[in-house]
Amino acid sequence: MTEIPTDEGKLYLATVLDLYSRRLLACPTSEHPDAELACDAIKIASTVRGGRGNVDGVIFHSDRGSTYTASSFTLLCKDKLGVRQSMGRVGSCFDNAAAESFFSTLEHEVLSRHHFTTRAEARAVVLAWCHEFYNAKRRHSSAALMSPVEFEKIAAIQPDAA
């Protein structure tokens, strides 16, 4: 999660990033950085990928924050979605580098260039950037210099490796 400053107070953004394509699967926002926001993110990501049948056994990596260790989040992952949780060592940011890179890009390309008066304004600008630019147009070196959406389309039509 990251915080987005506005004149009304902070807006929090939770994300679920697919490491294969770098596609941002979910990016809900809230006035509170709590387990409910984390649950919203993983539920949206699961829906984007087709539900439990398609995400059963998927590994979700996060930091050890209280939002991701909360019983509501861990039960949602394990019992309702079949998602396995993974967490790095306390104080280590290296195994969460993809998420940190996303937040750094968001900060550089969006947050540093805007002053948000309201949370609604921040939400509109950030979510448009996430869905219309980051996923659909921005090239990623780990996705063969294609956008995540384009990379997934090409990967879907490639024959399986023998």
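Summary table below
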{"read-out": "Pair list, Cβ < 7 Å and 6+ apart or interchain, from segment 76-87 residues that are farther than 16 Å from ILE44 by Cα and in contact (Cβ under 8 Å) with a residue 24 or more places away in the chain to residues that are among the acidic types (Asp, Glu) and surrounded by 15 or more Cβ atoms within 10 Å (Cβ to Cβ)", "value": "MET87/ASP63"}
{"read-out": "Residue list for segment 77-99, filter: part of a helix (DSSP H, G or I), under 23 Å from GLU36 (Cβ atoms) and under 17 Å from the mean Cα position of the chain (by Cα)", "value": "CYS77, LEU81, ASN96, ALA99"}
{"read-out": "Among (1) among the basic types (Lys, Arg); (2) assigned to a helix (DSSP H, G or I); (3) in contact with a strand residue (DSSP E or B) (Cβ under 7 Å, 6 or more places away or on another chain), the one test that ARG64 misses", "value": "(2)"}
{"read-out": "Subset tally (residues that are assigned to a loop (DSSP other than H, G, I, E, B) and within 20 Å of LEU75 (Cβ to Cβ)) for segment 23-56", "value": "7"}
{"read-out": "Among (1) within 17 Å of the chain's Cα centre (by Cα); (2) not in a helix (DSSP H, G or I); (3) not polar (S, T, N, Q) - the single one GLU152 does not satisfy", "value": "(2)"}
{"read-out": "Top-ranked residue of segment 5-21 - restricted to ones that are part of a loop (DSSP other than H, G, I, E, B), in contact with a Leu (Cβ under 9 Å, 6 or more places away or on another chain) and not polar (S, T, N, Q), ranked as surrounded by the fewest Cβ atoms within 10 Å (Cβ to Cβ)", "value": "PRO5"}
{"read-out": "For ALA124: the one exception among (1) of a type in the set (Gly, Ala, Ser); (2) over 23 Å from ASP34 (Cα atoms); (3) loosely packed, with under 13 Cβ neighbours inside 10 Å", "value": "(2)"}
{"read-out": "Residue in segment 77-99 that is within 15 Å of TYR134 (Cβ to Cβ) and in contact with a helix residue (DSSP H, G or I) (Cβ under 9 Å, 6 or more places away or on another chain) present", "value": "yes"}
{"read-out": "Test: THR117 is over 22 Å from VAL55 (Cβ atoms), modelled with pLDDT of 95 or more, hydroxyl-bearing (Ser, Thr, Tyr) and surrounded by 13 or more Cβ atoms within 10 Å (Cβ to Cβ)", "value": "no"}
{"read-out": "Odd one out for HIS32, checked against (1) touching a Phe, Trp or Tyr at 6+ places or on another chain (Cβ under 8 Å); (2) crowded, with 17+ Cβ neighbours inside 10 Å", "value": "(2)"}
{"read-out": "Lone qualifier among SER62, SER66 - being loosely packed, with under 14 Cβ neighbours inside 10 Å and free of Cβ contacts under 8 Å to residues at least 60 places away in the same chain", "value": "SER66"}
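The values are calculated or read from the model by the stated rules, or taken from the named source; none is laboratory data. What you see is a predicted model, and the numbers here were worked out from it, not measured in a lab. Positions of Cβ are generated from backbone atoms using ideal geometry, with glycine treated the same way; all protein chains shown enter the neighbour counts.
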